[in-house]
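The values are calculated or read from the model by the stated rules, or taken from the named source; none is laboratory data. Just so it is clear, the structure is predicted and the values come from calculations on it, not from any experiment. Cβ coordinates were reconstructed from backbone atoms using ideal geometry, including for glycine residues, and neighbour counts include every protein chain displayed. In case anyone asks, the SASA skips ligands and DNA or RNA and just uses the protein heavy atoms, side chains included. Shrake-Rupley method; radii C 1.70, N 1.55, O 1.52, S 1.80 Å.
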6 protein chains.
Amino acid sequence: MRTTQHDIDSADNLERRNRGLEVLREIDGEAGSKVIDSLADLSPALGHHVAAFAFGDIYSRPGLDARSRQLVTIGVLTALGGCEPQLKVHVGACLNVGLTPDEIIEAMLHAAVYAGFPRALNATFAAKEVFDSRGISGS
Amino acid sequence: MRTTQHDIDSADNLERRNRGLEVLREIDGEAGSKVIDSLADLSPALGHHVAAFAFGDIYSRPGLDARSRQLVTIGVLTALGGCEPQLKVHVGACLNVGLTPDEIIEAMLHAAVYAGFPRALNATFAAKEVFDSRGISGS
Amino acid sequence: MRTTQHDIDSADNLERRNRGLEVLREIDGEAGSKVIDSLADLSPALGHHVAAFAFGDIYSRPGLDARSRQLVTIGVLTALGGCEPQLKVHVGACLNVGLTPDEIIEAMLHAAVYAGFPRALNATFAAKEVFDSRGISGS
Amino acid sequence: MRTTQHDIDSADNLERRNRGLEVLREIDGEAGSKVIDSLADLSPALGHHVAAFAFGDIYSRPGLDARSRQLVTIGVLTALGGCEPQLKVHVGACLNVGLTPDEIIEAMLHAAVYAGFPRALNATFAAKEVFDSRGISGS
Amino acid sequence: MRTTQHDIDSADNLERRNRGLEVLREIDGEAGSKVIDSLADLSPALGHHVAAFAFGDIYSRPGLDARSRQLVTIGVLTALGGCEPQLKVHVGACLNVGLTPDEIIEAMLHAAVYAGFPRALNATFAAKEVFDSRGISGS
Amino acid sequence: MRTTQHDIDSADNLERRNRGLEVLREIDGEAGSKVIDSLADLSPALGHHVAAFAFGDIYSRPGLDARSRQLVTIGVLTALGGCEPQLKVHVGACLNVGLTPDEIIEAMLHAAVYAGFPRALNATFAAKEVFDSRGISGS
């Protein structure tokens, strides 16, 4: 086994991470970068894998456009519950890839059918915080 | 309060249910109708509300196209876990509204980032059963 | 399809919503109305369906009394986790329909067997906030 | 520390377990005893604590009647998902403590509002299996 | 049935609770005791069973060492989500039984594979609060 | 961006996958390889990432020994519910890395405190299937 495999600062891993960080910055903007930065001292490997794996390996795969990926993500995060911080980052990402506030709000109403009203309500109020911080309204 | 409100066979409720059943048949095809039929003696009110509310009131709202709604639904059902029967109905619905097998499989890979690999694996194997029953392959 | 189906302010939908709002005010009191009000600009359709569907169509069905419905609701919300805002509204509703603080607390202890102690602890502390705000103690 | 504390066959623990088994047999009937029996070789301590703690210490507490406890339990198990075996035992217990099939079905419809339709559907079909095995219908 | 069974201050129950409280104090330290204390007026029976059952009956069983139990607990609490208060108590407990901050952080990264990145991120930030309050850093 | 990044059969990705497959075979044995094989036509990218990311990048990191990782995994999978297929693979992995049947069963009893008895029961019965298939008993 290559001894550098788990060295997140090896040339290979650095390249993978940097590719992921580019995607993350493009999609999530400042909010995503802040999450990675906040992990720098605490769990640099978690930050590496969020960037290198989640964004570099998965998010930027060609099989599904960014708008579709965000719709899946909103569905998953609404259903899981307790993921309001991640939901806010991804509501921002939704706006960045062209979903309108009304479409985001509609996706959360749709999720109520399958995940119940409390999850949909919590997601909707998390979206409101993002809309408010960007000076836009949901409807 | 109108005494007919909770009579699921009142004129109003019948009209709402029939509108929903039309949407359900269009989207889910036979698989959806079978679920409603199987509830006829067991819990007719649950069958009514799946048709009238889930499909009539929510699914057919104009704010989001059917493809987008299915992506949210796949995200929610993959994340919830233990919803393989519903996932199979909705994988069929995904195909009916124009998502390709590869896009469905990609959406489930995407969900792995947020809901973990076990949920994504179970969803992918549920999709396989639908693909197999329709004589198509996932990749 | 009737063009008014998804117009939440059509005569039919307004009537359904108003019937639901009556139930909601009776059961949840001010806390429930506040949730609907807070959705007015953000997601009026979500507010409509909470009132018209959750309270009008389901909650007020004759098949189960309000006390029994609240016991089921406390069970669901304790188990889901991350639904503290909804749990607080429903702890208030429990008191409104005649459950005693001790019965609510006992229901949450009972839920610990099936959903684990952390969920029961979080629910119990959410109940405490409601009890405190009403000037009553839990035991 | 008493050396017998974790000996599930100490006099104290045997007494606690037997009290719980009595409650379990009264409430769950044969279905509950079968679960405990199936743990005898596999995880006797788990069987002991289901009987001694879940049924002896909690279920039989005086603060809430058996009907109310079953309603909470149905809510929790419907919401958790993936607990169909336990749900079936408790649907049987519901019938044993006097809930009617229609009330059980109604409780699961009620749970759909908070936990989503897929969880309610799975619970309802689990209930059907119990009703069928007892030769009764749900509506 | 002994009339004292559900009297949490009977001699038997007091002895069980005190044995549990000893374990709790040894493992969780002050953070655990505070949780029990906060339940004294609100739900003394819940406090009793956390001490007597969770810590006395289960935690101190000889079949698994404290380090192993904490690893399982971190896995469960990370996966459940919405259990940040309990996670913080148990991150403290992890440190008390000899897990290093790096091992705790690594366990949460490991959990990301199975429970998804959002749950792992929330757990990691909860751990950070405990590390900060003890003046230690995670990596 | 390198055009080969998402080509799972590029030299880099093949190397990462092969390193992961080695770990997977060592830990999970035949059961793990079967899962990857079953994904070959269905979702080769999911199979790649389970091997390359889950086993290559995360599982084999030096920060936590295999026994500890399995304890975390058992905790997560027990808590999630509905992951019986993955739980069985990992119960086998537990045995492969030196956990005894009694320790696995004890870990699941421990999880009952935090995730509730139904999850612990389902996990324990999944473990039984693995023990039976290997001709060993749980206690």
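When A:G98 is tested against (1) at the interface with another protein chain (Cβ under 7 Å from one of its Cβ atoms); (2) open to solvent by 10 Å² or more (accessible area, probe 1.4 Å); (3) more than 25 Å from A:D37 (Cβ to Cβ); (4) among the small types (G, A, S), exactly one condition is not met: (1). Just one of (1) in a helix (DSSP H, G or I); (2) at pLDDT below 95 fails for C:H6. It is (1).
Could you tell me whether A:S33 is over 19 Å from F:A52 (Cβ atoms) and modelled with pLDDT of 95 or more?
no
Exactly one residue among E:V130, E:V76 is modelled with pLDDT of 95 or more, within 18 Å of the chain's Cα centre (by Cα), more than 15 Å from F:L64 (Cβ to Cβ) and open to solvent by 10 Å² or more (accessible area, probe 1.4 Å), and that residue is E:V130. All conditions in (1) within 8 Å of chain B (Cβ to nearest Cβ); (2) open to solvent by less than 30 Å² (accessible area, probe 1.4 Å) hold for A:L87, with the sole exception of (1).
Is it true that A:Y114 is closer than 30 Å to A:I8 by Cβ and among the aromatic types (F, W, Y)? No, not satisfied. The residues on offer are D:A115, D:A93, D:A120, and the sole one that is away from chain C (no Cβ under 11 Å), within 20 Å of C:S68 (Cβ to Cβ) and buried (at least 24 other Cβ atoms within 10 Å of the Cβ) is D:A93. A:H49 meets each of the listed conditions (1) within 9 Å of chain B (Cβ to nearest Cβ); (2) free of Cβ contacts under 8 Å to residues at least 24 places away in the same chain; (3) under 14 Å from the mean Cα position of the chain (by Cα) apart from (1).
Table: residues versus (1) within 12 Å of chain E (Cβ to nearest Cβ); (2) without any contact (Cβ under 8 Å) to a residue 40 or more places away in the chain; (3) under 22 Å from A:C94 (Cβ atoms).
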{"site": "A:D12", "(1), (2), (3)": "no, yes, no"}
{"site": "A:E15", "(1), (2), (3)": "no, yes, no"}
{"site": "A:N18", "(1), (2), (3)": "no, yes, no"}
{"site": "A:E30", "(1), (2), (3)": "no, yes, yes"}
{"site": "A:S33", "(1), (2), (3)": "no, yes, yes"}
{"site": "A:A40", "(1), (2), (3)": "yes, yes, no"}
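Mind listing just one residue for me: the one in segment B:11-35 that is part of a helix (DSSP H, G or I) and among the small types (G, A, S) and, of those, nearest to the chain's Cα centre (by Cα)?
Among those that are part of a helix (DSSP H, G or I) and among the small types (G, A, S), it is B:G32.
Residue count for segment F:36-67 satisfying the condition of being within 26 Å of A:S43 (Cα to Cα) and either open to solvent by less than 40 Å² (accessible area, probe 1.4 Å) or in a helix (DSSP H, G or I) (or both): 19. Tallying residues that are within 27 Å of B:A126 (Cα to Cα), among the acidic types (D, E) and open to solvent by 20 Å² or more (accessible area, probe 1.4 Å) within segment F:8-35 yields 2.
All conditions but one from (1) part of a helix (DSSP H, G or I); (2) within 8 Å of chain A (Cβ to nearest Cβ) apply to B:Q70; the one that does not is (2). In this structure, does F:G56 turn out to be touching a helix residue (DSSP H, G or I) at 6+ places or on another chain (Cβ under 6 Å) and under 17 Å from E:A79 (Cα atoms)? So F:G56 does not fit the description; no.
Restricting attention to segment B:124-139, and to residues there that are more than 10 Å from chain F (Cβ to nearest Cβ) and part of a helix (DSSP H, G or I), which single residue is farthest from A:I74 (Cα to Cα)? It comes out as B:S133. If the condition is being of a type in the set (S, T, Y) and in a helix (DSSP H, G or I), then segment D:97-123 contributes only D:Y114.
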